[in-house]
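Trainee: Once you've had a glance at the structure underneath, I'll fire off some questions.
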Amino acid sequence: MSLLRQKALRAYFGLKREVDFYNIPKTAVLKQGLNVKEIALLLNRDNHVHLSKLAADPIERFHLSVLKWTLGVNKGTSNAAIWGDCGRTPLVIRYVKQVTVFFNGLCRLDREESPALVRHAFAKQKNLNLDWFNVLSTTLNSLDENRHEQQFVNATLCQNRAKDRFISVWQSERQHNRKLRFYNEIKDTFELEPYLALTTKGGSTCVGKIRMSAHKLKIETGRYGNRSENSADRLCDFCCDIATMELMVHLPDVDPIVEDETHFLRTCPRYHTSRTNLQDPVKSLLMYDIKAMFGPEVIQETARYIKELLRTRFPRKT
Ligand SMILES: [Zn+2]
């Protein structure tokens, strides 16, 4: 027993050296065990788990708030958009390989009938059919389903498949998220976006805010206001006479001009000068292929443009 205790302590302090626990609530660390079960549900293709459930895990929540802080967007920003633009899966997916290697190690000890104490502990828990063993073995078996019963689970394969399955859940969920309407127009694959290579001064934060609808344009502020039912709240006040439109907005054939991302970037005359000064090819991409504006070759000019527009829309109070 003392050997096991010694090993556990060594592992604990080893982990402590690697992770900065300073800013993590202690309860989050204590609850970490719950995570395996949720991830198993996500990875097991017969079950469907929502991204929100995954994001609710305390460690993932902490990870997401670090990413949001790095990107300079508010806490309410969509988690799916954050994962997607950073090209980072939840932490738990990133550790599938390590967990698999650990699991294989335990199975190997068991098979070799090793005298190690940990092997006895493992065998006992396996025989008792404990929850964690069930969940983990079912998950890993579903990820590496074609292996022979005698073979160990292929850790790299599990890692890749776990990532693929996460991305497919991500793809389908984000398409149904109404808040990500603009994001879905411009985002294709799950990968790190070129704008994140820019500095804040270079406009990276501004680009992120527009992409993920983490801004204060009327489409967002009007949506959640007290009068959210009234779509006049979402109209561009530069292009519409709001008082008149409030009376007319519900009439048929009235096509109100909503201040959404496309209107902001492409058509609103408030930014006419900035648009005229925009360099090619971004100038033509803005009209014909808004998605391509976020490509690596042109992102610098796009970021400069978006930053300028946001500054015009929300001038700094002196
Ligand atoms: Zn306008």
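Trainee: Give a residue-ordered list of calculated ³J(HN,Hα) values for region 140-156 (Karplus: 6.51 cos²θ - 1.76 cosθ + 1.60, θ = phi - 60°; whole Hz; x for Gly, Pro).
Mentor: Each residue's phi maps through the Karplus curve to give 5, 5, 6, 7, 10, 6, 8, 6, 6, 3, 7, 7, 6, 5, 7, 5, 5 Hz.
Trainee: Tell me which lysines have Cα within less than 29 Å of Lys7's Cα, excluding those fewer than 8 residues away on the same chain?
Mentor: Lys16, Lys26, Lys31, Lys37, Lys97, Lys124, Lys126
Trainee: On a 21 Å Cα-Cα criterion, which of the cross-link pairs Lys216/Lys283; Lys75/Lys179; Lys179/Lys291; Lys53/Lys291 come out too long?
Mentor: Lys216/Lys283; Lys53/Lys291
Trainee: Using every pair of alpha-carbon atoms in region 194-313, split the distances into 5 Å bins beginning at 0 and state the percent of pairs per bin, rounded to integers.
Mentor: 2, 11, 20, 21, 18, 12, 9, 5, 2, 0
Trainee: Please work out the Cα center distance from region 174-195 to region 48-84, rounded to the nearest Å.
Mentor: Spelled out, the Cα-based centre of one part sits 15 Å from the other.
Trainee: Sticking with this one: What does the net charge come to around Asn184 if you take all other residues with beta carbon closer than 12 Å to its beta carbon, with K and R at +1 and D and E at -1?
Mentor: Net local charge, Asn184 excluded: +3.
Trainee: Give the long-range amide H neighbours of Val258: residues separated by 5 or more places, or on another chain, with amide H under 5 Å away, using H modelled in the peptide plane at 1.01 Å from N.
Mentor: The list, which skips near neighbours in sequence, is Cys236.
Coordinate-derived values only; no laboratory data. If you're wondering where the values come from, they're calculated on a predicted model, not measured in any experiment. Note that each Cβ is placed from the backbone with ideal geometry, even for glycine, and that neighbours are counted across all protein chains shown.
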